[in-house]
1. Quick check on this structure: which one of Arg110, Arg73, Arg60 is at pLDDT below 95 and over 14 Å from Gly10 (Cα atoms)?
2. Could you name every one of the strands (runs of 3 or more DSSP E) located completely within segment 1-68 that has at least 1 residues being crowded, with 18+ Cβ neighbours inside 10 Å?
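The values are calculated or read from the model by the stated rules, or taken from the named source; none is laboratory data. Treat the numbers as computed from the prediction; the structure is a model and nothing was measured. Here the Cβ positions follow ideal geometry from the backbone for every residue, glycine too, while neighbour counts run over all protein chains shown.
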Amino acid sequence: MNLNVMVLGGNLTRDPELRHHMSATVCKFAVAIQDGWGDKEHTSFVDCTAFGKTAENIDRFFKKGDAIIMVGRVRQERWEQDDGTKRSKVGMIVDRFEFAGGKNGGGHGRPASQVEPKGGGRGYGGGTPEDEIPF
């Protein structure tokens, strides 16, 4: 059995880039993720790719510095440079996202009720009231 699920939260390091390739909509962006604290703090940078409506919504509602929580899959890219050196990097294919608030609040300063993705979905997490048992 294989399991490929990735959950990340961080801040966009650049504005999303939306492109249309044939019949697909693709959004590429990068996220900085901090781990640890004090002298042991470490920042990792992850390249992310989203497709379709998810891509359109990320491009529409996020900009550099905005906080985001994402659920998706790990994807390793491999290539060979002109000199024959083999290279690879690990990134994320984003399937769902949430507005995380944080540094710039996500959603370009609009209330969350105005920036939810189309289709009424709440994205990752959501919905159990605190006074109910979550199972």
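1. On the way: Arg73 fails: at pLDDT below 95; Arg60 fails: at pLDDT below 95.
Answer to the selection: Arg110.
2. Details: elements: 6-12, 17-21, 24-35, 42-51.
Once the strands (runs of 3 or more DSSP E) in segment 1-68 are filtered for at least 1 residues that are crowded, with 18+ Cβ neighbours inside 10 Å, what remains is 6-12, 24-35, 42-51.
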